[in-house]
Amino acid sequence: MKKLLLFTAAIAIIACKNEPKDYVTLSGTIIDKSSDSVVVRSRTYSKTIKVNADGTFKDTLKVETGVYNFFDGNESTALFLKNGFEIDITLDTKQFDETVKYTGIGSEHSNFLAKNNLMQEQLLDLDALGNLDMAGLESKFGEIKTKLTAFYNTNKAIDSSIINTLNKNLDPMLNYYKNYLAETVALKTLLAKGSPSPAFENYENYKGGTTSLSDLKGKYVYVDVWATWCGPCKAEIPALKELDKKYHGKNIQFVSLSIDDDRSHGGSWDKARENWKAMIIDKQLSGIQLFAPNGWQSQFVLDYKINGIPRFILIDPNGNVVTPDAPRPSEASLIELFTSLNI
């Protein structure tokens, strides 16, 4: 009987050891960390994990099986979690998407998601795609769909819920980008390089008086169409100020054109103008600061088909269009464009 009891106890111990964990163990190392914590989140779940001074972290999470967002305080990536997984993450914030890597139990699903993100980023190169005509755009998006579909459906070891979701969302995602780029292609056809640029006339200048596009003739004009309430617009301010400083005295003028209006400032044009002037002071904005007289309905804005901001426009010294949708100040391609024009 004693031997039987011991044998029964041994079986019980083994059973306990083999019982799956009802939580995820998540650890990692971040090089050049962006924050003192990371957040794992979904629509219904959020957990903040402390990051140590050396960039390491570790915690346990009880989750519903699915895809989660991993946010380091600056950038984010997707990972697939299921109770019982033991996942270790490594990444370098200087090359976030290129370096994120998962190891451990269940890591193959998250590595698949990371590879998918990189593939989409490489295939959906908006600058390159925006240089195609409509026929080229249709052909290229057909190729992209074929490549992504093959990638999704040849990875049999990946959780079927991930594959099903990616396949379901593929057409809507590609159509979104294709429609966006179709507008860009149409815009570049309507306002082709070398065609006369639409003009602004007698727009209020922060420094006093008014300014027209014709006043700037003889130099390239880089126009930033923005508003004080626009977050992405404000994010470009530091890079724009650096550009203005770098190209000071060269053959280019930097114009910031505010489209703040009454609708975005409590029904008051006076408030819109007041907030515009206050931000110029607060952010120490440089370059030529202009105020569009009718906001979104200003003729220059309508002529350039602007329905979202920020929008950047480059006009040549003769008042002709270089591009109606120029790269942002923070993009390296803008410097390349300036260099190609000998600015």
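Can you find a residue that is in a helix (DSSP H, G or I) and either surrounded by 18 or more Cβ atoms within 10 Å (Cβ to Cβ) or hydroxyl-bearing (Ser, Thr, Tyr) (or both) anywhere in the range 132-139? Within the range 132-139 (the criterion being in a helix (DSSP H, G or I) and either surrounded by 18 or more Cβ atoms within 10 Å (Cβ to Cβ) or hydroxyl-bearing (Ser, Thr, Tyr) (or both)), the answer is yes, since at least one residue qualifies.
For (1) modelled with pLDDT under 95; (2) among the β-branched types (Val, Ile, Thr); (3) open to solvent by 50 Å² or more (accessible area, probe 1.4 Å); (4) not in a helix (DSSP H, G or I), each residue gets a yes or a no:
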site	(1), (2), (3), (4)
ASP270	no, no, yes, no
ARG273	no, no, yes, no
SER286	no, no, no, yes
PRO317	no, no, no, yes
VAL322	no, yes, no, yes
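In the set (1) surrounded by fewer than 19 Cβ atoms within 10 Å (Cβ to Cβ); (2) modelled with pLDDT of 95 or more; (3) out of contact with any helix residue (DSSP H, G or I) (no Cβ under 6 Å at 6 or more places or on another chain), the condition left unmet by SER264 is number (2).
Restricting the first residue to the range 237-250 and requiring it to be within 12 Å of GLY287 (Cβ to Cβ), which pairs with a second residue that is open to solvent by less than 30 Å² (accessible area, probe 1.4 Å) and in a helix (DSSP H, G or I) meet a Cβ separation below 8 Å and a spacing of at least six or different chains? Going by the 8 Å Cβ cut-off, the qualifying pairs are LEU243/LEU334; TYR247/PHE338.
Within the range 85-108, the set of residues being outside any strand (DSSP E or B), open to solvent by less than 80 Å² (accessible area, probe 1.4 Å), under 16 Å from ILE158 (Cα atoms) and touching a residue at least 24 places away in the same chain (Cβ under 8 Å) comprises PHE85, GLY106.
Among the listed residues GLU121, GLU108, which satisfies the condition of being modelled with pLDDT under 95 and farther than 14 Å from GLY28 by Cα?
Details: GLU108 fails: modelled with pLDDT under 95.
On inspection, the qualifying residue turns out to be GLU121.
Yes or no: the range 187-210 includes at least one residue that is assigned to a strand (DSSP E or B), free of Cβ contacts under 8 Å to residues at least 60 places away in the same chain and in contact with a Phe, Trp or Tyr (Cβ under 8 Å, 6 or more places away or on another chain). Give the derivation first.
Step one: of the range 187-210, the residues assigned to a strand (DSSP E or B) are 196, 203-205, 210.
From what's left, free of Cβ contacts under 8 Å to residues at least 60 places away in the same chain: 210.
Okay, now just the ones that are also in contact with a Phe, Trp or Tyr (Cβ under 8 Å, 6 or more places away or on another chain), so 210.
The answer is yes, given that some residue of the range 187-210 is assigned to a strand (DSSP E or B), free of Cβ contacts under 8 Å to residues at least 60 places away in the same chain and in contact with a Phe, Trp or Tyr (Cβ under 8 Å, 6 or more places away or on another chain).
The values are calculated or read from the model by the stated rules, or taken from the named source; none is laboratory data. Keep in mind it's a predicted model, so treat the numbers as computed, not measured. So basically every Cβ, Gly included, is an ideal-geometry build from the backbone, and we count neighbours across all protein chains shown. Just so you know, the surface numbers come from the protein's heavy atoms only, side chains and all, with ligands and any DNA or RNA stripped out. Shrake-Rupley method; radii C 1.70, N 1.55, O 1.52, S 1.80 Å.
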